[in-house]
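Report on one structure; see the data block that follows.
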C-alpha cells in the first residue's frame with residue numbers, strides 16, 4: 001500500500017513538469033512531421049528522468065538530514081548516560097570509603113581526588129580482566145589467572 005502512495009506522490013510531482021515540458025517543446029518546435037514528434041517524445045523522456053532524479057536527490061538529502069539529527073540526539077543521550085554512570089561509580093567509591101574509614105563525605109572526596117583515575121590504573125595493570133560476558137566466562141577468566149599466577153609464584 002505504501003508503495004502505491006509513494007508512486008502517486010512521485011507522479012504528482014513529476015507529471016506536471018513533464019506536461020509543461022511537452023507543451024513548451026510542442027509550441028517551440030511546432031511539429032509537422034513524425035520525426036519532430038519523436039524528438040519531443042525523447043526530450044520529454046529525458047526531462048522526466050531529470051525531474052525524477054532531482055526530486056529523488058531532494059528526498060534523499062531530507063532523509064539524510066533527519067537521520068543525522070536523530071543520530072546526534074542519540075549520541076548526546078549516550079554521552080549523558082555515560083556521565084551519569086561515572087557519577088554513580090564515584091558515589092559508590094565515596095560510600096565505600098566513608099564506611100571503611102568512618103569519615104565524612106568531604107574527607108572521602110579528598111581521598112578520591114588524590115587517587116589515580118581508572119584509565120591510569122588500567123595502564124599500570126599487568127593483566128586486566130574485563131567482565132563483559134557471562135558469569136561462567138568470568139569465572140573461567142578468574143580461574144585462568146589464578147592458575148597462572150599460582151604457578152608463577154611456585155616456580
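The values are calculated or read from the model by the stated rules, or taken from the named source; none is laboratory data. Since the model is a prediction, treat every value here as computed from it, not as a measurement. In this analysis, Cβ positions are derived from the backbone assuming ideal geometry, glycine residues included, and neighbour counts consider all displayed protein chains.
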Please report, ordered by residue number, the helices (runs of 4 or more DSSP H) entirely within the range 41-155 with at least 3 residues that are in the same structural domain as residue 16 (by TED's automatic domain parsing) and in contact with a helix residue (DSSP H, G or I) (Cβ under 7 Å, 6 or more places away or on another chain). 105-114
Report yes if residue 38 is modelled with pLDDT of 80 or more and under 30 Å from residue 109 (Cβ atoms), otherwise no. no
Restricting attention to the range 84-93, does a residue exist that is surrounded by 12 or more Cβ atoms within 10 Å (Cβ to Cβ) and at pLDDT 80 or above? no
